[in-house]
Amino acid sequence: MKFIIQRDRLVQSVQDVMKAVTSRTTIPILTGIKITATTEGVTLTGSDSDISIQSFIPKEETGDEIIEVKQAGAIVLQAKVFSEIVKKLPTDTVEIEVLGSLQTVIRSGKSEFNLIGLDAEEYPHLPQIEENNKFQIATDLLKAMIRQTHFAVSTSETRPILTGVNWKVENGELNCIATDSHRLALRKSKVEIANNEGYNVVIPGKSLNELSKIIDDSHDLIDIVITENQILFKAKHLLFFSRLLEGNYPDTSRLIPNESKTDVTVNTKEFLHAIDRASLLAREGRNNVVKLSTIEGGIIEISSNTPEVGKVVEEIQSETIDGEDLKISFSAKYMMDALKALEGTDIRVSFTGAMRPFVIRPLHDETILQLILPVRTY
């Protein structure tokens, strides 16, 4: 194998596939990146057996030559070392050549590295996915949907199914739901489905987080292919495979209250900043609890009290308060995560009592909601 490639394109692809490579693997070859050169271009692959990422660099694009392939072939190189080397090479082009017995030479300018590679034949094959069932979604929308839900997955392995985001596709709509049983994030959107198929799968939160880091904020459509135990995201020059979590996701529709006793409309930014300030003292105490009370004149009082640290009280003016007076306590972190995920300047918070879950929605947007369980403070 021998080829010359533009360094910045190589660096970008290496960074993308590195997101799937982990040092904690029982299969030693997976600590490497597989590099395959053909007459069409160069393909890099990284995998930790849960996530696999393949990035293709074409020989030329819009008339510019990116790679000159002198000899086709494949090699696996230690990912960590290889990625550090390509980032620090001195010139804009890199030559990579595999000599006998897997010896690999990387040249750039006056710099030359010799690495010992591994046999590419021993690298596990990527899942073969039949692309019969697929739907499409705009890349920037997918990124937003991940951002607005994945933070609510559970980080505890006691219920592995809750470490994933439940994706349900029915009647041309994609519903994404994440919950750790203390809070819930939901986001839905219309999607293009060829044969009106329905799906109900659970994708690991970690996979979605890594995917959102490597896809761009464009309107380009991304293909999504779902099989029994794998999901494939297919963008231009990029394949991203993830295993699916096994088991049934709990029915969360029962958690979302239909009626409310108190509705508060408030400016998102002001509310977020007030809770952020209150959490400065709450953080020292147990599980950073802040209190919210409604007072006359449409005023909301946000407070926090940690006996050994001190207390904070802040009032903010709501736009409207409808219904009963209310005192409620909740995790400042959960509230801040929820507010950051919502888009729009004003939100409506619907409470159904001090010990019942409450729902936060942007005004005039029915596609997204956040639900939080309050905390007992007495």
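What is the angle, in °, between the Cα long axis of helix 79-88 and the longest principal axis of the Cα atoms in the chain? Nearest 10 is fine, range 0 to 90.
It works out to around 80 degrees.
Which distance in nm do the two modelled labels at Gln103 and Glu157 give, with both placed 7 Å along the Cα-to-Cβ direction?
4.3
Between Arg24 and Asp263, what is the label-to-label distance in nm when each label sits 7 Å out along the Cα-to-Cβ direction?
4.6
Over the alpha-carbon set of the range 256-372, work out the extent along each principal axis and list the three values in angstrom, largest first.
Computed over the Cα atoms, the extents are 42, 29, 24 Å.
What spacing in nm lies between the two simple spin-label points modelled at Thr62 and Glu343, each 7 Å away from Cα in the Cβ direction?
Result: 2.6 nm between the two label points.
Taken together, the values in this text are just the output of simple stated rules run on the coordinates, not laboratory data. Bear in mind that the values here come from a model prediction, so they are computed numbers and not experimental data. In this analysis, Cβ positions are derived from the backbone assuming ideal geometry, glycine residues included, and neighbour counts consider all displayed protein chains.
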